[in-house]
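Structure, as structure tokens:
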Amino acid sequence: MIAAEQQDFAALLARDDPRQLAAYLCNVSRYSASHGIAQGHMEYARIQRDSRYRDFVARMALDKLILLAEAVGAIAPDNPEQGEMGRGLRSSPEDLVELVEQRLGLSIAPPAVDGAMLKLHTDRGQFGERDLNAIYTAHLLNGLRAVRGRDTSVCEIGGGTGRVAYWSRRMGLRSYTIIDLPLINVVQGFYALRTMPRDEVVLYGERPSGEASGRLQILPPHAVEELGDKAFDLFLNQDSIPEMDQGIAEGYLGWIARVCRGAFVSINHETKAPYGVDGQAQLSVHEMADRVDGLLLEARYPYWLRRGYVLEIYAARLAPTS
């Protein structure tokens, strides 16, 4: 379904015109290449024509900022049983950003590379819903460092535009690998090269897969075969395994169980709603992982920033020890 929506992007890449590609990627949030991973052409058209929807998107970004502040302990969450409700809404966005920054010890202003994306404007940066989710997920990963005392290697399966990778590296997780569809690799490479020093980004083919310690490496799915039994300390999948073909999803989970030496973090919904042109039910990571020999569920929580999403942490019992 996504491939059908992104035919214009595939055609643009086939023309091998770097100027046209750069113009497209500078405003990717209004085009099909960001469908499903950021804003996309359909969302952009709706935002353009519907003022009420624009207001909804802005309010949703503010809601995520409040939830981020609560999640990291910058403000106390509302309690319907005791105390005053709506305190976060009465705080200015700038104050919320400052409190989060004090808590995390770094600026959370997103890089200004999202042309045509509707964001919440503040005097301390412009924030979209996915920026705030990425900051929180990176904060979670940084707190879960599976191996202390050395550089923790992270592998994210399905990396969106690469925001979690960017924020994870800002928070100290430097060795980071993304595995995603080739078309999306292009978007991720653009985002990375616009937000990080060039020598810290390794695109597919520039180095052997898995040999980019201390850098961000962006790989297509078939590179998993090249990685073989290379071990990673942390694996992340956020909002993508449920949409995969079942055989591909099972292959990823089996690979994780075999090579993960720390933890597998899953942030996904479990509604199993119909998806795609044939309306097949989406997958449940929780149900599938239960059937994977080698994955042991250690913790399960609601994901703070997205109602209906579950944060699960698995230990890989078959993980290599070296």
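Here, each number is a calculation from the coordinates, and none is a lab measurement. Remember, predicted model here, so these are calculated numbers, not experimental data. Cβ placement follows ideal geometry from the backbone for every residue including glycine, while neighbour counts extend to all protein chains displayed.
Tell me the volume per residue, in Å³, of the convex hull enclosing the alpha carbons of segment 222-322.
101
Once amide H atoms are built 1.01 Å from N in the peptide plane, which residues 5 or more positions from VAL310, or in another chain, come under 5 Å H to H?
Close amide H contacts, sequence-distant or interchain: ASN268, HIS269, TYR303.
From the helices alone, meaning DSSP H stretches of at least four residues, give me the mean residue ellipticity at 222 nm for the chain, per-run term -39500 (n - 2.57), in deg cm²/dmol to the nearest 500.
So the helix-based figure for the chain works out to -11500 deg cm²/dmol.
So what are the ³J(HN,Hα) numbers for segment 178-190, from phi and the Karplus equation (6.51, -1.76, 1.60; θ = phi - 60°), rounded to whole Hz, Gly and Pro as x?
So the J values, rounded to whole Hz, are 10, 10, 7, 4, x, 4, 6, 3, 5, 4, 5, x, 5.
Could you compute the FRET efficiency for ALA299 and ASN79, with r as their C-beta to C-beta distance and R0 at 25 Å, rounded to 0.05?
My answer for the efficiency is 0.60.
May I ask you to list the trypsin sites (Lys or Arg not before Pro) in segment 145-242 that are in a DSSP loop and have at most 16 other Cβ atoms within 10 Å of their Cβ?
Sites meeting the loop and neighbour criteria: ARG148, ARG150, LYS230.
So how do SER240, SER92 line up by other beta-carbon neighbours within 10 Å, fewest first?
SER92, SER240
Counting only residues 5 or more places away or on other chains, whose amide H sits under 5 Å from the amide H of THR122 once H atoms are built in the peptide plane?
Close amide H contacts, sequence-distant or interchain: PHE127.
Under a GNM of the chain (C-alpha, springs under 10 Å), which listed residue has the highest mean-square fluctuation: GLY143, GLY162, GLY214?
GLY143
Treating the beta-carbon of each Lys and Arg as +1 and of each Asp and Glu as -1, no other charges, what is the dipole magnitude of the chain about its Cα centre, to the nearest 20 debye?
Dipole magnitude for the chain comes out near 600 debye.
Beyond 20 Å, what share of the Cα-Cα pairs of segment 50-127 is found? Please give it as a whole percent.
35
Kirkwood hydrodynamic radius, computed over distinct alpha-carbon pairs, for segment 143-251: how many Å, to one decimal?
14.0
What residues have an amide H closer than 5 Å to that of GLN217, excluding those fewer than 5 places away on the same chain, when H is modeled at 1.01 Å from N in the peptide plane?
Answer set, sorted by chain and number: TYR176, THR177, ILE178, VAL202.
For segment 50-127, with only Lys/Arg (+1) and Asp/Glu (-1) charged at the beta-carbon, what is the dipole magnitude about the Cα centre, in debye rounded to 20?
Charge dipole of segment 50-127: 200 debye, to the nearest 20.
Quick one: what are the phi-derived ³J(HN,Hα) couplings along segment 65-72, Karplus 6.51/-1.76/1.60 with θ = phi - 60°, whole Hz, x for glycine and proline?
Listing the rounded values in order: 5, 5, 5, 4, 4, 5, 5, 8 Hz.
Sort SER107, SER51, SER34, SER91 so that the residue with the fewest other Cβ atoms within 10 Å of its own Cβ comes first and the one with the most comes last.
SER51, SER107, SER91, SER34
Report the local net charge at LEU219: Lys and Arg +1, Asp and Glu -1, summed over other residues whose C-beta lies under 14 Å from its C-beta.
Combined, the nearby Lys, Arg, Asp and Glu give -3.
How much of the DSSP beta bridge set in the chain is antiparallel, as a percent to the nearest 5?
50
Hey, what D do you get for the chain in µm²/s if you plug the Kirkwood alpha-carbon radius into Stokes-Einstein at 4 °C and 1.567 mPa s?
63
Assuming R0 = 35 Å, can you tell me the calculated FRET efficiency for the pair MET1 and ARG59, based on Cβ-Cβ distance, to the nearest 0.05?
It comes out at approximately 0.80.
From zero up to wherever the largest Cα-Cα distance of segment 2-46 sits, split into 5 Å bins and tell me the percent of pairs in each.
Taking all Cα pairs of segment 2-46, the binned fractions are 5, 26, 31, 23, 13, 2, 0 percent.
Across segment 134-316, how large is the tail of the calculated P(r) beyond 28 Å, expressed as a percent of all Cα pairs?
It works out to 18 percent of all Cα pairs.
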